[in-house]
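The values are calculated or read from the model by the stated rules, or taken from the named source; none is laboratory data. This one's a predicted model, so the numbers in the text were calculated from it and none came from an experiment. Backbone-built Cβ (ideal geometry, glycine too); neighbour counts: all protein chains shown. Side chains included, ligands, DNA and RNA excluded: accessible areas come from the protein's heavy atoms. Shrake-Rupley method; radii C 1.70, N 1.55, O 1.52, S 1.80 Å.
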Amino acid sequence: MSEQLRETLRVELGARGYDIVIGPGLLAEAGAHVAPLLRRKRVAVLTDETVAALHLEALRDGLAAEGIEMVSLALPAGEATKSWPQFSRAVEWLLEQKIERSDVVVALGGGVIGDLAGFAAAVLRRGVRFVQIPTSLLAQVDSSVGGKTGINSPQGKNLVGAFHQPSLVLADTQVLASLTPRDFIAGYGEVVKYGLLGDAAFFDWLEENGPALAAGDMAARVAAVKRSCEMKAEIVARDETEQGDRALLNLGHTFGHALESATGYSDRLLHGEGVAIGCALAFELSSRLGLCAQEAPSRLRQHLRAMGMKVDLRDIPGDLPGAEALMALMAQDKKVVDGKLRFILARGIGEAFVTSDVPGEAVRKLLDDALA
Ligand SMILES: NC(=O)c1ccc[n+]([C@@H]2O[C@H](COP(=O)([O-])OP(=O)(O)OC[C@H]3O[C@@H](n4cnc5c(N)ncnc54)[C@H](O)[C@@H]3O)[C@@H](O)[C@H]2O)c1
């Protein structure tokens, strides 16, 4: 693999800091990257059945190249796996495998596996180290970095979890080739989010290079994953536990989570799709509140459409509940402080900010219009 397609970033968190390595072919080199972390040459890998069928043997070979033995558990693929039953299954399996306090757990998969495995590592023997090997675009640009781990509960998404930083992130951009186009493009929703929240030049770049990136251009994929991880790493280093700025990363998520909940965390709406629709709603709301020019939501919608993404509520198949019910779901969000919902709004592309000062009536009207 060509040398220029290896990028290494550092998440600066003092003793808990770690590297993010990005590039094609990293599974084959996994052993060399993981070995320095190990006390004994054995790791436990959590993955899902889809990813296991496609990539587990490549990881096994990559680890074996450095004499590292691997045991693995493949959970069912999909958001429903981020649940108590699969979580306890994973933790008990790790205990059965005699994973010790000084061992390393490896998460090989998308955001579902990364979140669940990270949480399992956080609680196993009061905390063992873990390595993220994200295999979806969403996981490479977002969920594998920053240490938010957890599972869903019947009351809502990501309501149970822990902050637990990985010891290393290996983002092999070659494995993105086996994603379904829908899963790939859903992850792109989070990529666009970075441009929207803080880097207008990156948004320009995406408008220009998004189609090539979606078509498989490896240099463009590496560049997009790198810029996304840089932005996330920088925000996480500033505000690890989301006391302030880190909330910017939730742009589009308050709406998105309500829509995911309303569609039962099902195939009707993938997480990244909900984020893209949520970003479009957040920009529309910003424009209606006079915070940004009408041109900003139009330009965003145009880019999402050009990439073949869902943009409107009517792009979600099946019925949705009314504005009132969606607002009740939004109120369940973790971003509620003292009963007030915090929104991420924008003064323009690349200029997002956090506010609790949004009239409920404006949100209701926005949703009513979007549902009409
Ligand atoms: N912790 C965080 O900071 C954070 C941030 C954003 C999202 N998330 C979470 O991430 C989850 C969504 O992540 P996701 O979109 O990766 O979902 P996912 O893990 O369900 O992966 C999506 C689908 O792609 C498949 N897949 C993954 N890699 C593949 C590959 N290389 N080839 C073929 N198929 C592959 C999976 O089996 C799955 O069916 C949500 O639960 C969300 O809450 C967490």
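One table, with the values for the structure above:
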{"quantity": "Residue satisfying all of: in region 42-58; of a type in the set (D, E) and touching a Leu at 6+ places or on another chain (Cβ under 8 Å); surrounded by the fewest Cβ atoms within 10 Å (Cβ to Cβ) among these", "calculated": "E49"}
{"quantity": "All positions within region 251-306 that are under 22 Å from the mean Cα position of the chain (by Cα), among the charged types (D, E, K, R) and over 13 Å from A186 (Cβ atoms)", "calculated": "R301, R305"}
{"quantity": "Residue list for region 16-43, restricted to those being in contact (Cβ under 8 Å) with a residue 24 or more places away in the chain and part of a helix (DSSP H, G or I)", "calculated": "R16, L27, A28, E29, A30, G31, A32, H33, V34, A35, L37"}
{"quantity": "Residue in region 315-333 that is touching a Phe, Trp or Tyr at 6+ places or on another chain (Cβ under 6 Å), in a helix (DSSP H, G or I) and touching a residue at least 24 places away in the same chain (Cβ under 8 Å) present", "calculated": "no"}
{"quantity": "Matching residues, region 157-204, being touching a strand residue (DSSP E or B) at 6+ places or on another chain (Cβ under 6 Å) and either among the hydrophobic types (A, V, I, L, M, F, W, C) or without any contact (Cβ under 8 Å) to a residue 12 or more places away in the chain (or both)", "calculated": "L159, V160, A162, L168, V169, L170, A171, L197"}
{"quantity": "Scope region 126-162; condition on the phi > 0 side of the Ramachandran plot and over 16 Å from the mean Cα position of the chain (by Cα); matching residues", "calculated": "R126, G127, G156"}
{"quantity": "Selected residue [touching a Phe, Trp or Tyr at 6+ places or on another chain (Cβ under 7 Å) and outside any helix (DSSP H, G or I)] from L46, L108, L73", "calculated": "L73"}
{"quantity": "Subset of region 158-207 that is part of a strand (DSSP E or B) and open to solvent by less than 20 Å² (accessible area, probe 1.4 Å) - its residue that is nearest to the ligand (Cβ to nearest atom)", "calculated": "D172"}
{"quantity": "Output for region 125-143, where each listed residue is more than 7 Å from the ligand (Cβ to nearest atom) and crowded, with 21+ Cβ neighbours inside 10 Å", "calculated": "V128, F130, V131, Q132, I133, P134, L137, Q140, V141"}
{"quantity": "Breaking point among (1) open to solvent by 50 Å² or more (accessible area, probe 1.4 Å); (2) touching a Phe, Trp or Tyr at 6+ places or on another chain (Cβ under 6 Å), for G278", "calculated": "(1)"}
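Table: residues versus (1) closer than 12 Å to L366 by Cβ; (2) in a helix (DSSP H, G or I).
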position: G256; (1), (2): no, yes
position: E260; (1), (2): no, yes
position: G272; (1), (2): no, yes
position: C279; (1), (2): no, yes
position: F283; (1), (2): yes, yes
position: S287; (1), (2): yes, yes
position: A293; (1), (2): no, no
